[in-house]
Amino acid sequence: MRFTFDEDQLLFQTTLRDFLSNECTPEVIRKAWDEGRSHTPALWAQLAELGVPGLLVPEAHDGMGMSEIDSVLLFEEAGRAALPEPVIATAAVAAPLLVELGDEALAGEWLPRIGGGDAIVGVGHEVSPLVVDADVSHLLLLQRGDEVHAVAPDSAEIVAQPANDPSRRLFKVNFDAGDATRVAAGDAGRSLWAAALDRGALAAAAQLVGATDKLITLAAEYAEQRQQFGKPIGSFQAVKHMLANCKVKLEYARPVVHRAAHSVARSVSDRSLHVSMAKVAAADAAQFASRQALQVHGALGYTWEQDLHIWMRRAWSLEQAWGRNDFHRSRVEERVLEASARLGPGRTFRGE
Amino acid sequence: MKIMVCLKQVPHQDARLDINGDGTWIQEDNIKFEINSYDTYALEEALLIKDAGEAEVLVVSIGPDRVTQALRTALGMGADRAIHVNDPEIQGSDSLGMAKVLAAVAKEENPDLILAGLMSEDANYAAVPPMLAELVGIPHTTAAVKVERSNGTLTCDREIEGGANEVVTLEAPCLVAVQSGLNQVRYASLKGIMAAKKKPLDVKTAADLGVADQVGAGAAKVSVTQIAPPPKGDTAELVEGSPDEIAAKLVTKIKELGLL
């Protein structure tokens, strides 16, 4: 089994990193915040030209036809850039959910629009019920028990909720569930929502890895510039160790996230276990890096003018998204305590 | 119409540069590389011509294995073919040696137009494009800030001193070395990168091109004996006052230093 990404996947990553470093700067993010929005149509259109919204849209519907293994590095880049666009809901969750629904009419109508950048799809899952960017969504996929409902935004009541990350604006969506909106139910619906949760949590974990990397970079750069006692503070052992510990947590989390991407793409039986492990590891690393980066920056880290808070907010908000750490820790606990749990190095890839 | 675009891979603008052991170049291990930004404008200009009609865009680069990524990026942006001259014997070549390699490729391919960046961001010689044109025996211009085509004739605005432009016309085949900012460079799309896998990327050596005895450190007439970081200044002068006063003092200072 290959444990590395291939040249194409790495080139995809480099390409998106270069694009976002030029087009999704802190100035762009701050401008969107100042204007009370997160989604920027022009940026979304550029992302669509690159192929980002349609990553998981099948080629038959004019998408990229990629898998989660291909896309996990791209979601890392979205986190590294603190991309203020609804890529998790639209690209990572809604597109494969529309494919798996098996409703040809719905898929035919929405998948090409997602791939083309013409549609944003909000998703409300019972574990993550507040819908990101619902006010600019063209379609809402919402959960009621085991049922999947496809709801037109103008037929729902969309109520803004407090959010600490202005790049992830949250909305409560009230709607009348009925035959007209129901597109799946029962076992099929339950299975669809389970897969959607894993995909959302995986994409959030990948973004957390990217955000953590950026937090460490910001702190390391500041530690090189900030002088104290005539030396950069980065030369002091205490500061070095803080950043080294962040890096250790990040590099332990990264392969867990990549493992989860493989499990989701291949639909392995332990998919949910691997995703929960990834979400916890990535969120823990991001929370730790946020605190340490703030310490390195000192009082300056609290200021609005410093960019640090852009990524700290992302780390906090993504920890809450698609299952908080306590939810995912519970899932891991349930699985590893099962009598039939396949644990240990000799069983890691058995049966896949 | 066939357009040949010369690309060079240079250290990434964000790369931390350290000098190598013998002090003759930077330490290239473990740093990121990217396409020389001047060359990206040349590539974009070629792709714009391709977009406007029938044109085949061939990208050519010289260097080690890592250069493949630059060529694949160019193919992902829309180039049709790539030639990678990958030969350790070329290492240590001066600008003339590099120009001879590119000229050998150009003579095999017979392009109607060769586009290149004005200079590379690492060495800054700006020497290869004119040398290449001379070796191929075609007219050339440099520092082009505008390129227009009409029936085999190119009209280029080239940047000259004092903020003025000089307008030159060239008959194809010819070479144009472009200034940065000529156009808005596109990004490679993910779909383009996937499609690029099916595009030809040929690898050649100096021997394949018949220039093995004309390249490398042994054939170079110019060699780098030492590079060093710029010395740190310790005579910074703080200019104080109102904005108008500061501006007046700066102008006076600049004139004193003979910079205007």
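Tabulated results
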| quantity | calculated |
| --- | --- |
| Given B:32/B:197; A:214/B:2; A:279/B:191, the pairs whose alpha carbons are separated by over 32 Å | A:214/B:2 |
| Heavy atoms of residue B:254: accessible area, 1.4 Å probe, square angstrom to 10 | 60 |
| Accessible-area composition of region A:90-130, carbon plus sulfur, in percent [1.4 Å probe] | 49 |
| Relative contact order of region B:2-214, defined on C-alpha pairs under 8 angstrom at six or more residues apart (%) | 26 |
| Using alpha-carbon coordinates, inclination of helix B:37-52 to the longest axis of chain B, degrees | 50 |
| Size of electric dipole in the protein assembly as shown: Cβ of Lys, Arg +1 and of Asp, Glu -1, about Cα centre, debye, nearest 20 | 1720 |
| Selection from A:215, A:246, A:339, by position along the positive dipole direction of region A:189-343 (Cβ) | A:339 |
| Chain A, relative contact order [Cα under 8 Å, separation at least 6], % | 16 |
| With at most 15 neighbouring Cβ atoms within 10 Å, loop chymotrypsin sites (Phe, Trp or Tyr not before Pro) (DSSP) excluded, longest segment of chain A | A:4-228 |
| Cα-based Rg / Dmax (Å) for region B:25-150 | 14.4, 46 |
| Largest-first ordering by accessible area, 1.4 Å probe, given options B:221, B:32, A:279 | B:221, B:32, A:279 |
| Span from the region B:226-260 Cα centroid across to the region B:19-47 one, whole angstrom | 31 |
| Total accessible surface hidden between B and A, rounded to 100 Å², 1.4 Å probe | 1500 |
| Summed side-chain charge close to residue A:243 - residues other than residue A:243 whose Cβ falls under 15 Å, Lys, Arg +1, Asp, Glu -1 | +2 |
| For residue A:184, distant residues with modelled amide H under 5 Å away | A:148 |
| 0 to 90° range, to nearest 10: angle between helix A:104-115 axis and chain A longest Cα axis | 20 |
| Protein-only accessible surface order, largest first, of A:21, B:37 at 1.4 Å | A:21, B:37 |
| Cα gyration tensor, region A:96-159 - rounded (a/c under 1.5), prolate or oblate | oblate |
| Amide H within-cut-off set for residue B:145, under 5 Å, with H built and near neighbours excluded | B:157, B:158, B:159, B:179 |
| Rg(Cα) / (2.2 N^0.38 Å) computed for region B:116-198, rounded to two decimals | 1.28 |
| Solvent-accessible area lost in complex, 40 Å² minimum, residues of region B:149-195 relative to chain alone, 1.4 Å | B:187, B:190, B:191, B:193, B:194 |
| Gap separating the Cα centres of region B:104-131 and region A:145-159, nearest whole Å | 59 |
| Solvent exposure, largest accessible area first (probe 1.4 Å, DNA, RNA and ligands not counted), of A:290, B:93 | B:93, A:290 |
| Test item: Cα-centred dipole of region B:1-43, Lys/Arg +1 and Asp/Glu -1 on Cβ, debye | 280 |
| Förster radius 22 Å - calculated FRET efficiency between residue B:19 and residue B:124 (Cβ-Cβ, nearest 0.05) | 0.85 |
| Solvent-accessible area per residue for the protein assembly as shown (1.4 angstrom probe, square angstrom) | 47 |
| Protein-protein interface of region A:59-73, residues with accessible area decrease of at least 20 Å², isolated chain reference, 1.4 Å probe | A:64 |
| Under-5 Å amide H pairs with residue A:139, H placed in peptide plane, nonlocal only | A:120, A:122 |
| Carbon + sulfur, % of accessible area of chain B - ligands and nucleic acids excluded, 1.4 Å | 50 |
| Spread of Cα-to-Cα distances over 10 Å intervals beginning at zero, given as percent, for the protein assembly as shown | 3, 14, 21, 22, 19, 13, 6, 1, 0 |
| Within-15-Å neighbourhood charge of residue A:15 [Cβ basis; K, R +1; D, E -1] | -3 |
| Coil-residue GluC sites (Glu not before Pro) of region A:122-219, DSSP, other Cβ within 10 Å capped at 14 | A:126 |
| Virtual paramagnetic centre 7 Å along Cα→Cβ of residue B:217, amide N under 20 Å, in region B:18-52 | B:18-30 |
| Accessible area (Å², 1.4 Å probe, nearest 10) - residue A:167 | 0 |
| Accessible area of region A:189-343 belonging to carbon and sulfur atoms, whole % at 1.4 Å probe | 54 |
| Simple Cβ-charge dipole of region A:263-352, Lys/Arg +1 and Asp/Glu -1, about Cα centre, in debye nearest 20 | 320 |
| Rh by Kirkwood over Cα pairs, then Stokes-Einstein D for region A:189-343 at 0.890 mPa s and 25 °C, µm²/s | 149 |
| Square roots of five times the Cα gyration tensor eigenvalues for region B:2-214, Å | 25, 20, 19 |
| Accessible surface of residue A:266 - all protein chains present, 1.4 Å probe, nearest 10 Å² | 140 |
| Per-residue ³J(HN,Hα) for region A:56-61, Karplus 6.51 cos²θ - 1.76 cosθ + 1.60, θ = phi - 60°, Hz, x for Gly and Pro | 9, 7, x, 4, 4, 10 |
| Euclidean distance of C-alpha centroids, region B:55-101 and region A:298-352, integer Å | 44 |
| Buried on assembly, region A:8-26 (at least 30 Å² less accessible surface than by itself, 1.4 Å probe) | A:8, A:11, A:12, A:15 |
| Note, ³J(HN,Hα) from phi for region A:330-339, Karplus 6.51, -1.76, 1.60, rounded to Hz, x at Gly and Pro | 5, 5, 5, 4, 4, 6, 6, 8, 5, 4 |
| Largest-first principal axis extents of the Cα set of chain A (Å) | 71, 54, 37 |
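The values are calculated or read from the model by the stated rules, or taken from the named source; none is laboratory data. What you are looking at is a predicted structure, and each value in this text was computed from that prediction instead of being measured. Glycine also receives a Cβ, built like all others from the backbone with ideal geometry; neighbour counts cover every protein chain displayed. SASA here: full protein model, heavy atoms, side chains in, ligands and nucleic acids out. Shrake-Rupley method; radii C 1.70, N 1.55, O 1.52, S 1.80 Å.
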